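Everything on this sheet refers to the single structure shown next.
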There are 6 protein chains.
Amino acid sequence: MSIKAINVRNQFRGKVKEIIDGPVVSEVDIETPAGIVTSVITSRSVRDLGLAPGVEVVALVKATEVSIAKL
Amino acid sequence: MSIKAINVRNQFRGKVKEIIDGPVVSEVDIETPAGIVTSVITSRSVRDLGLAPGVEVVALVKATEVSIAKL
Amino acid sequence: MSIKAINVRNQFRGKVKEIIDGPVVSEVDIETPAGIVTSVITSRSVRDLGLAPGVEVVALVKATEVSIAKL
Amino acid sequence: MSIKAINVRNQFRGKVKEIIDGPVVSEVDIETPAGIVTSVITSRSVRDLGLAPGVEVVALVKATEVSIAKL
Amino acid sequence: MSIKAINVRNQFRGKVKEIIDGPVVSEVDIETPAGIVTSVITSRSVRDLGLAPGVEVVALVKATEVSIAKL
Amino acid sequence: MSIKAINVRNQFRGKVKEIIDGPVVSEVDIETPAGIVTSVITSRSVRDLGLAPGVEVVALVKATEVSIAKL
């Protein structure tokens with residue numbers, strides 16, 4: 001299934017830098033112009049998407065999941 | 001209360017660009033080196049934090065909230 | 001930007017049935033074979049995606065967001 | 001504690017099909033009329049709820065966690 | 001539908017203290033022994049559940065949604 | 001980076017009671033006046049924050065992540 005557009009406003013393009021595998025979920029670190037973006041997804045999805053270091057991806061974050069802090 | 005460190009791995013520093021006010025939640029758009037990051041938080045928090053265009057903030061996203069797509 | 005694949009395991013195809021507009025977020029009710037799926041997204045995204053009753057969409061839910069109850 | 005009603009609008013009844021155990025979190029795949037719904041919850045909750053293949057459950061998703069894509 | 005048990009590990013019993021109504025979502029403030037717990041849910045759910053000041057409720061939070069900070 | 005304030009309305013101070021380590025994510029149980037609060041965060045964050053039984057922390061929950069049930 002190919003998706004033309006998604007409501008998720010926050011999208012960060014980058015390349016997979018490192019994957020820490022676990023039996024259920026894996027950590028995927030993505031190198032983006034904004035720095036490293038870290039994602040935890042199911043290990044099944046890592047395999048289904050064929051993720052590996054160097055693969056180009058987009059990290060997506062729903063606006064309701066973004067918190068704001070003041071320094 | 002001042003926080004020294006937080007487990008949230010994804011942190012994007014930037015400046016508030018625009019706020020769309022609502023009666024319960026507001027949209028806060030933050031200008032970061034990674035582009036615009038959009039957040040939806042309670043309008044009470046917008047007031048409590050004194051958010052307004054130009055204010056420096058950090059957008060925070062928990063790793064479990066980040067999805068990954070392939071282009 | 002066209003997406004070929006996404007890690008989000010839970011995908012429900014359907015048609016938009018009703019939209020309740022708000023100043024910041026909107027409720028979008030989607031008619032799927034699984035029944036009505038309700039989503040709250042930013043009103044900007046509703047406009048950007050051109051959502052309206054009858055439009056075909058896919059509702060996406062990250063596995064870490066699914067809770068389980070026993071009856 | 002018995003719950004009479006919950007605000008979570010999206011509820012999918014089904015039967016546990018498969019559980020992938022992990023030391024901290026487990027993946028629970030639920031067979032529903034809408035297809036397989038995948039959930040990641042703590043392995044403690046899997047034990048506390050007595051989840052196993054064949055057990056009847058309800059998958060619950062908060063409306064703010066549902067994203068929308070266009071095909 | 002009555003629920004016997006739910007995987008959500010974090011449960012805070014309390015009484016609704018205040019509701020801020022919005023066209024799509026509402027803020028519900030709950031008085032608990034742990035202090036005020038604030039929730040944002042759809043305004044439809046507020047009506048469906050018959051929420052009003054004084055009503056006894058349980059606030060539920062999935063463990064994957066809890067962040068940790070050091071002071 | 002020190003944070004002066006955060007939009008997250010729900011904050012529960014307590015002490016780490018127990019940590020269940022996993023290869024990717026860990027469960028952190030926090031003893032608070034409201035009872036045990038359970039959090040699942042990346043194992044990297046557990047190490048980065050120096051979490052261990054007895055350490056004082058604050059559990060943070062975004063209002064949009066709180067569900068409400070009636071007993």
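The values are calculated or read from the model by the stated rules, or taken from the named source; none is laboratory data. Because the structure is predicted, anything quoted here is derived from the model rather than measured. Every residue, glycine as well, gets a Cβ built from its backbone with ideal geometry; the counts of neighbours run over all protein chains shown. Each accessible area value is taken on the protein alone, full model and side chains, heavy atoms only, with ligands, DNA and RNA left out. Shrake-Rupley method; radii C 1.70, N 1.55, O 1.52, S 1.80 Å.
Would you call E:Ala34 open to solvent by 10 Å² or more (accessible area, probe 1.4 Å) and either over 14 Å from the mean Cα position of the chain (by Cα) or hydrophobic (A, V, I, L, M, F, W, C) (or both)? Don't jump to the end; show me each part of the working.
Values: open to solvent by 10 Å² or more (accessible area, probe 1.4 Å): yes; either over 14 Å from the mean Cα position of the chain (by Cα) or hydrophobic (A, V, I, L, M, F, W, C) (or both): yes.
The answer is yes for E:Ala34.
Restricting attention to segment D:20-31, which residues are assigned to a loop (DSSP other than H, G, I, E, B) and either at the interface with chain C (Cβ under 7 Å from one of its Cβ atoms) or open to solvent by less than 10 Å² (accessible area, probe 1.4 Å) (or both)?
D:Val24 - this is the single residue of segment D:20-31 that is assigned to a loop (DSSP other than H, G, I, E, B) and either at the interface with chain C (Cβ under 7 Å from one of its Cβ atoms) or open to solvent by less than 10 Å² (accessible area, probe 1.4 Å) (or both).
Which residue is farthest from A:Ser2 (Cα to Cα), if the candidates are limited to segment C:1-19 and must be hydrophobic (A, V, I, L, M, F, W, C) and within 13 Å of the chain's Cα centre (by Cα)?
Initially, segment C:1-19 is screened for residues hydrophobic (A, V, I, L, M, F, W, C), giving C:1, C:3, C:5-6, C:8, C:12, C:16, C:19.
Still in the list and also within 13 Å of the chain's Cα centre (by Cα): C:8, C:12, C:16, C:19.
Working: C:Val8: 13, C:Phe12: 14, C:Val16: 19, C:Ile19: 24 Å.
Only one residue fits best here, namely C:Ile19.
Could you list, in sequence order, the residues of segment A:1-17 that are farther than 21 Å from A:Gly54 by Cα and either at the interface with chain C (Cβ under 7 Å from one of its Cβ atoms) or open to solvent by 60 Å² or more (accessible area, probe 1.4 Å) (or both)?
From segment A:1-17, those farther than 21 Å from A:Gly54 by Cα are A:1-10; that's our starting set.
Of everything in segment A:1-17, those that are farther than 21 Å from A:Gly54 by Cα and either at the interface with chain C (Cβ under 7 Å from one of its Cβ atoms) or open to solvent by 60 Å² or more (accessible area, probe 1.4 Å) (or both) turn out to be A:Met1, A:Ser2, A:Ile3, A:Lys4, A:Ala5, A:Ile6, A:Asn7, A:Arg9.
I'd like the full set of residues that are at pLDDT below 95 and in contact with a helix residue (DSSP H, G or I) (Cβ under 7 Å, 6 or more places away or on another chain), limited to segment D:6-26.
D:Asn7, D:Arg9, D:Asn10
Return yes when A:Ile41 is more than 7 Å from every other protein chain (Cβ to nearest Cβ) and within 13 Å of the chain's Cα centre (by Cα) and no when it is not.
Working: more than 7 Å from every other protein chain (Cβ to nearest Cβ): no; within 13 Å of the chain's Cα centre (by Cα): yes.
No, not satisfied.
Condition check ((1) open to solvent by 20 Å² or more (accessible area, probe 1.4 Å); (2) free of Cβ contacts under 8 Å to residues at least 60 places away in the same chain; (3) assigned to a strand (DSSP E or B); (4) over 24 Å from F:Val8 (Cβ atoms)) across all residues:
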position	(1), (2), (3), (4)
A:Thr38	no, yes, yes, no
A:Ile41	no, yes, yes, no
A:Arg44	yes, yes, no, yes
A:Asp48	yes, yes, no, yes
A:Gly54	yes, yes, no, yes
A:Val57	no, yes, yes, yes
A:Leu60	no, yes, yes, no
A:Ala69	no, yes, yes, no
